[in-house]
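Below you will find the structure I want to go over with you.
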Amino acid sequence: MQNMIVAGVTAEGREVFLISLEDASGLKAVVSNAGASLISLEAPDAAGERRDLVLGLADPMTRLAPGPMFGITLGRCAGRVRNAQYTYNGETVRLSPNKKGHHGHGGYRGFDKHVFDVLECAENRVSLGYRSPDGEEGYPGNLDLKVTYALEGRELRIRYQARCDKDSLVSLSNHIYWNLAGEDSGSLSSHTARLFSRRVARQDAELVLDGTLLPVEGTPFDFTRERPLIQKAPSGNLQFDRIGWYDHDFMLENADGLATQIRDARSGRGMRVYTDRPGFHFYIYDFTDQGFSGKHGQLYAGNCGFCVMPMYLPNSVNVPDWPSPILRAGELYDSTTRFAFEW
């Protein structure tokens, strides 16, 4: 296929591909089967200048190594599960305790550390597949997963489809770091945001959700009206100051699935994120002194990338009042995230 090239081979002999996508709207993307990851997405600005908006090195082999999980698929369950276990139908399911005794982002070797099969490939879309065997990272059942990236009408769409032969915990998402001014543009200081949520999930001292939803009004989490993306700590709010940046979960309250709206004043670009999941994780990482490089050889520094990750709220499987992330045997998990761009 003309839009697919071999970028490397793993120690197990698996070929890692770079797959180029393009459509008539002006978007261009590169996807890899390494962690079913998004490597780049180019979009024009108000003046027609194209820039890559996705952080991370261009080499897809880096997606299989430890690091900040640039642009990879998260699963079987995104986020943290308390004590790496849950009870279902009277039985305790024990997962890999890879996050200080808790379970995070699928375990020691989540979906991000696997090479997917290329199932279908076209000019503007690609579908990638992986079979997660029964017992992998503690999860019950054989899970067949299909992740499809598509460019359609100024949108990047990521569709997740999965079936399992046993009831299992499944909550899939993607860990794309965005900078709407361009991945090498530095600080997000010219970005503003609106989050369509009035409730943020409370974290305990170990950064695990405890099942309580807090009102955002009067807190650093209040983005019910558009305002600057960057919030400096200390803010006087324990939930925010415990980390010092945004790494929090919000319950979605918008009927049409619009979760966030982000704008960048420098470039004139905007991005709206739509989901059919009940919540989303909002994340701005501080790259200072972390030593992670970008595609132009620059070191990422400070708050230069943000993530919006639709999902079931982390630890929902242990909170009876929240929507359940249990996928029943034989049923289809089918979810789409839409990143809609404006320029």
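The values are calculated or read from the model by the stated rules, or taken from the named source; none is laboratory data. Since the model is a prediction, treat every value here as computed from it, not as a measurement. Every residue, glycine among them, receives a Cβ derived from its backbone with ideal geometry; neighbour counts consider all protein chains shown. Calculation scope for accessible area: heavy atoms of the full protein, side chains included, ligands and nucleic acids excluded. Shrake-Rupley method; radii C 1.70, N 1.55, O 1.52, S 1.80 Å.
Within region 154-183, can you find the residues that are part of a strand (DSSP E or B), charged (D, E, K, R) and touching a Gly at 6+ places or on another chain (Cβ under 6 Å)?
Step one: filter region 154-183 for residues part of a strand (DSSP E or B), giving 155-164, 168-169, 171, 173-174, 178.
Still in the list and also charged (D, E, K, R): 155, 157, 159, 163.
Passing the criteria: none in range.
Name the strands (runs of 3 or more DSSP E) wholly inside region 232-343 in which the number of residues that are of a type in the set (Asp, Glu) is 1 or more.
Details: elements: 247-251, 258-264, 270-274, 279-284, 306-311, 333-342.
Hits in region 232-343: 247-251, 258-264, 333-342.
Under 6 Å by Cβ, and 6 or more places apart or on different chains, what pairs join a residue from region 231-249 that is over 16 Å from His281 (Cα atoms) with one that is outside any loop (DSSP other than H, G, I, E, B) and not β-branched (Val, Ile, Thr)?
Close Cβ pairs satisfying both conditions: Ala233/Asp241; Pro234/Asp241; Ser235/Asp241.
Can you say whether Gly13 is open to solvent by less than 20 Å² (accessible area, probe 1.4 Å) and at positive phi, as far as the supplied structure shows? Before the answer, list the steps.
Numbers: open to solvent by less than 20 Å² (accessible area, probe 1.4 Å): no; at positive phi: yes.
The answer is no for Gly13.
In region 102-153, which residues are over 16 Å from Cys77 (Cβ atoms) and of a type in the set (D, E, K, R)?
Residues satisfying the conditions are Asp117, Glu120, Glu123, Arg125, Arg131, Asp144, Lys146, Glu152.
Cβ-Cβ below 7 Å, separation at least six or inter-chain, first residue in region 318-336 and of a type in the set (Ser, Thr, Tyr), second assigned to a loop (DSSP other than H, G, I, E, B): which pairs?
Tyr333/Val170; Ser335/Leu172; Ser335/Asp276; Ser335/Arg277; Thr336/Asp276
For region 16-37, which residues satisfy the criterion of being at positive phi and surrounded by fewer than 18 Cβ atoms within 10 Å (Cβ to Cβ)?
Narrowing region 16-37 to residues at positive phi: 26, 35-36.
The answer is Gly26, and nothing else.
Is at least one residue of region 193-202 open to solvent by 40 Å² or more (accessible area, probe 1.4 Å) and within 18 Å of Asp241 (Cβ to Cβ)?
Of all residues in region 193-202, those open to solvent by 40 Å² or more (accessible area, probe 1.4 Å) come to 194, 198-199, 202.
Retained after the next criterion (residues that are within 18 Å of Asp241 (Cβ to Cβ)): 202.
For region 193-202, residues open to solvent by 40 Å² or more (accessible area, probe 1.4 Å) and within 18 Å of Asp241 (Cβ to Cβ): present.
Which residue pairs have Cβ atoms closer than 8 Å, lie 6 or more positions apart in sequence or on different chains, and pair a first residue in region 283-301 that is farther than 17 Å from Gly71 by Cβ and open to solvent by less than 40 Å² (accessible area, probe 1.4 Å) with a second residue that is modelled with pLDDT under 90 and aliphatic (A, V, I, L, M)?
none
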